[in-house]
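A short reminder: the numbers here are calculations on the coordinates, not readings from a lab. Quick caveat: nothing in here was measured; it's all calculated off a predicted structure. As a convention, Cβ positions derive from the backbone with ideal geometry for all residues, glycine included, and neighbour counts pool all protein chains shown.
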Amino acid sequence: MKFKTSIASATPTLVYFNAPWCAPCKIMKPIFEQVALELGNAVHFISIDVEMKKKIARRYNVKSVPTFILFKNGESIWRQLGVLQKDDIKHAIANYI
């Protein structure tokens with residue numbers, strides 16, 4: 001699913017902004033993937049490499065990585081920076097499913 005279409009959807013979309021040189025991002029990648037597996041189709045999951053998609057990162061004011069932004073109906077409804085535990089991500093998302 002395309003980024004714009006996904007974030008505009010009524011289904012929540014968790015966007016994970018990361019970079020290949022980012023050590024905390026390497027920690028978060030398997031956690032992000034596990035949350036995606038566990039929540040399945042209830043949420044869309046998109047990973048954005050800020051080096052490859054600089055315009056998108058700028059548009060959403062991503063100044064550090066990892067950054068997570070949850071969108072629903074085109075609106076940013078939750079945002080968190082840094083390394084998170086799997087249960088923290090799932091709890092934040094659960095409020096919007």
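Over the C-alpha atoms of the chain, the Rg to Rh ratio, Rh being the Kirkwood estimate, stands at 0.92. Bridging of LYS86 to lysines at a Cα separation below 27 Å is possible for LYS2, LYS4, LYS26, LYS29, LYS53, LYS54, LYS63, LYS72, once same-chain residues fewer than 8 apart are set aside.
Extension gain for GLN80-LYS29 works out to 16.9 nm (0.36 nm per residue, less the C-alpha to C-alpha distance).
Only helical runs count toward this figure. For the chain, summing -39,500 (n - 2.57) over DSSP H runs of n ≥ 4 and dividing by all residues gives -11500 deg cm²/dmol at 222 nm. The gain in end-to-end length when the ALA10 to HIS91 segment is fully stretched comes to 27.3 nm, 0.36 nm per residue minus the alpha carbon separation.
Taking trypsin sites (Lys or Arg not before Pro) across region 1-52, the ones in a DSSP loop with at most 14 further Cβ atoms lying within 10 angstrom of their Cβ are LYS2.
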